[in-house]
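Here is the structure we will look at, set down as structure tokens.
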Amino acid sequence: MPNLLALIKKNSLLIFLFLLSLEGKSQSIQLKSDLMLIDTNSKQQVHHHQKRSYIYKNQAKTFKNSNPASLLYGGSLYVYQNLISQHFSANCLYDPSCSDFSKQAVKRFGLVKGSLLTIDRLNRCNRIAATGLDPQTINEKSHRFNDPISKYK
Amino acid sequence: MRYTIKYFFSFIFLCAIFSNSTAQNGKADSLYAVGNYFAASIEYERMLFHSPDVATQHYFKYRKAQCYKQLKDFSRALEELQSIYFNNSSDSLYMRVCYEQSLCLYLNGEAPKALWKIDEYIHRSKDSTSFQYFMPIKLLCYNETQQWNEAKGCFVQFIKAQTFSQEKEKELTDSIEWLYTRKNLPRMKSADRAETWSRFIPGAGQIYAGHTGEGITNFLINASILTFAGIQAINHYYITGYLMGLGFFNKTYHGGMKRAVTLAQERNKEEMIRFNSKINQMIRESCIAE
């Protein structure tokens, strides 16, 4: 026994290096960081009932966004998106939805062209039009047909 | 002298293996360590392509899955892990792969499958000391599936598996008992009941799910559309009353039922996340040493 202890003492550096090499190879389970991951991930899943914003929010007041027609359009879209749309049983076929598409179209092309594009989109958002849509354009996350505003010029 | 030589050779042998594997893994591991998980996953993929044997391939697949987990792409991590097959349950990687699989299943919202995976590991593995690593996930899965008694039992088992003093163990067991009393458990709302409420009184399902304002709005919308249809019928405008009134009523009535179910499910999810977050914090703060 004393011989063995003397041997261990003598080779302590080698034993230390040997253990160090084992430490490097092993990769233990990081339970604490995994639990942190679970916590942050689940907190992100909580659905916050955030209101959808007004179309001209945080924009400098100009004639384009403060004339009566724009105010009426913006106000009714806001009321529709935040108060009425959730009570309808039907879902929109497209991604972005018709109301979001309209918002983006008016922002990009102005009220006149934007309204015409909205009418066109609303006419295409029905069961008959759905039969002619390309299945390749289905968005995997939203399960709806992709029809972004960038397609229109 | 004989022993010294033995030690010396064993050191050289292990050090050679270690230095070789470090040189190979070095870049990928360092990318992983600095948090560049996407680049690390590509590097592990490259090493997987060049790896000569199945065991090494398994290891790199496991590391790749860990990268995807950190990137929060849990379904892809699961795809990677599910392609790893073990003939021998005593393989050192088996426990870690099973652990990652159950964790990713839980994170992917598949708590029953995660429970099944953990049970499979417990059934196949002979290393009972490793079971405690699975217990926190098992406990959260039991909570998610509302198996409260099993969850409580699992939590107590996890506490007993730790090396706590008797006082500390008693304190933690008491707090578990308190946590799982009826008044502290999440109050779940039945989605079916919400739908039934909305079927008979439009808007009542939303109020049941805790959204009074939305329920009242739904009731008013339905009532005003029905009133419109009635007035049109009284004035002999039957077609307008039928198409505009009952057509819209059909949309808002069924929409209200659907919305009540969604709201009840969302509320249940939030309650469960709040409860599990409390338990998660308790495990992290009092049960796992730094």
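Considering only region B:99-110, state which residues are surrounded by fewer than 23 Cβ atoms within 10 Å (Cβ to Cβ) and within 9 Å of B:Ile137 (Cβ to Cβ).
B:Tyr99
With the checklist (1) of a type in the set (S, T, N, Q); (2) at the interface with chain A (Cβ under 10 Å from one of its Cβ atoms); (3) more than 19 Å from B:Pro202 (Cα to Cα) in hand, flag the one item B:Asn222 doesn't pass.
Result: B:Asn222 passes all but (3).
Taking the options B:Thr252, B:Thr240, name whichever one is within 10 Å of chain A (Cβ to nearest Cβ), of a type in the set (Ser, Thr, Tyr) and part of a helix (DSSP H, G or I).
Values: B:Thr240 fails: within 10 Å of chain A (Cβ to nearest Cβ).
After ruling out the rest, the residue left standing is B:Thr252.
Only one of (1) over 30 Å from B:Lys278 (Cβ atoms); (2) surrounded by fewer than 21 Cβ atoms within 10 Å (Cβ to Cβ) fails for B:Ala191. Which number is that?
It is condition (1) that B:Ala191 fails.
Part of a helix (DSSP H, G or I), within 23 Å of A:Gln44 (Cβ to Cβ) and in contact with a Gly (Cβ under 9 Å, 6 or more places away or on another chain) - does that describe any residue in region B:74-94?
Among the residues of region B:74-94, at least one is part of a helix (DSSP H, G or I), within 23 Å of A:Gln44 (Cβ to Cβ) and in contact with a Gly (Cβ under 9 Å, 6 or more places away or on another chain), which makes the answer yes.
Does any residue in region A:89-104 that is more than 15 Å from A:Lys151 (Cα to Cα) come within less than 7 Å, Cβ to Cβ, of a residue that is of a type in the set (S, T, N, Q) six or more places away or on a different chain, and which pairs are these?
Taking only residues 6 or more apart or on different chains, the pairs are A:Ser99/A:Gln81; A:Ser99/A:Ser85.
Exactly one condition in (1) over 30 Å from B:Val261 (Cα atoms); (2) in contact with a Phe, Trp or Tyr (Cβ under 9 Å, 6 or more places away or on another chain) is false for B:Gln166; which is it?
Looking at each condition in turn, B:Gln166 falls short on (2).
Contact list please: Cβ distance under 6 Å, first residue in region B:207-236 and on the phi < 0 side of the Ramachandran plot and assigned by TED's automatic domain parsing to the domain that holds B:Gly247, second residue assigned to a loop (DSSP other than H, G, I, E, B) and not acidic (Asp, Glu), pairs at least six apart or on different chains.
B:Ala209/B:Lys189; B:Gly215/B:Gly203; B:Asn218/B:Pro202; B:Asn218/B:Gly203; B:Phe219/B:Pro202; B:Phe219/B:Gly203; B:Asn222/B:Pro202
Yes or no, residue by residue, for (1) buried (at least 22 other Cβ atoms within 10 Å of the Cβ); (2) of a type in the set (A, V, I, L, M, F, W, C); (3) outside any helix (DSSP H, G or I):
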residue	(1), (2), (3)
B:Ile122	no, yes, no
B:Asn149	no, no, no
B:Thr163	no, no, yes
B:Lys168	no, no, no
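Every residue, every condition in (1) more than 14 Å from chain A (Cβ to nearest Cβ); (2) closer than 18 Å to A:Leu37 by Cα; (3) hydroxyl-bearing (Ser, Thr, Tyr), yes or no:
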{"position": "B:Gly109", "(1), (2), (3)": "no, yes, no"}
{"position": "B:Ile118", "(1), (2), (3)": "no, no, no"}
{"position": "B:Thr129", "(1), (2), (3)": "no, no, yes"}
{"position": "B:Gln162", "(1), (2), (3)": "no, no, no"}
{"position": "B:Glu169", "(1), (2), (3)": "yes, no, no"}
{"position": "B:Lys183", "(1), (2), (3)": "yes, no, no"}
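So B:Gly35 fits all but one of (1) away from chain A (no Cβ under 14 Å); (2) touching a helix residue (DSSP H, G or I) at 6+ places or on another chain (Cβ under 9 Å); what number is the exception?
For B:Gly35, the exception is condition (1).
For region B:153-160, does any single residue satisfy the condition of being under 23 Å from A:Val46 (Cβ atoms), surrounded by 18 or more Cβ atoms within 10 Å (Cβ to Cβ) and not assigned by TED's automatic domain parsing to the domain that holds B:His58?
Quick first cut of region B:153-160, residues under 23 Å from A:Val46 (Cβ atoms) only: none.
No, region B:153-160 contains no residue that is under 23 Å from A:Val46 (Cβ atoms), surrounded by 18 or more Cβ atoms within 10 Å (Cβ to Cβ) and not assigned by TED's automatic domain parsing to the domain that holds B:His58.
Do any residues in region A:22-48 that are closer than 17 Å to B:Ile279 by Cα have Cβ atoms under 8 Å from those of residues that are modelled with pLDDT of 85 or more and assigned to a loop (DSSP other than H, G, I, E, B), where the two are at least six apart or on different chains, and which pairs are they?
Close Cβ pairs (under 8 Å, with a partner that is modelled with pLDDT of 85 or more and assigned to a loop (DSSP other than H, G, I, E, B)) amount to A:Asn41/B:Lys72.
Output the residues belonging to region A:120-138 that are surrounded by 13 or more Cβ atoms within 10 Å (Cβ to Cβ) and assigned to a loop (DSSP other than H, G, I, E, B).
A:Cys125, A:Leu133 - these are the residues of region A:120-138 that are surrounded by 13 or more Cβ atoms within 10 Å (Cβ to Cβ) and assigned to a loop (DSSP other than H, G, I, E, B).
The values are calculated or read from the model by the stated rules, or taken from the named source; none is laboratory data. A quick note: this is a predicted structure, and the numbers were derived from the prediction, not measured. Glycine gets a Cβ as well: all are built from the backbone with ideal geometry, and neighbour counts include every protein chain shown.
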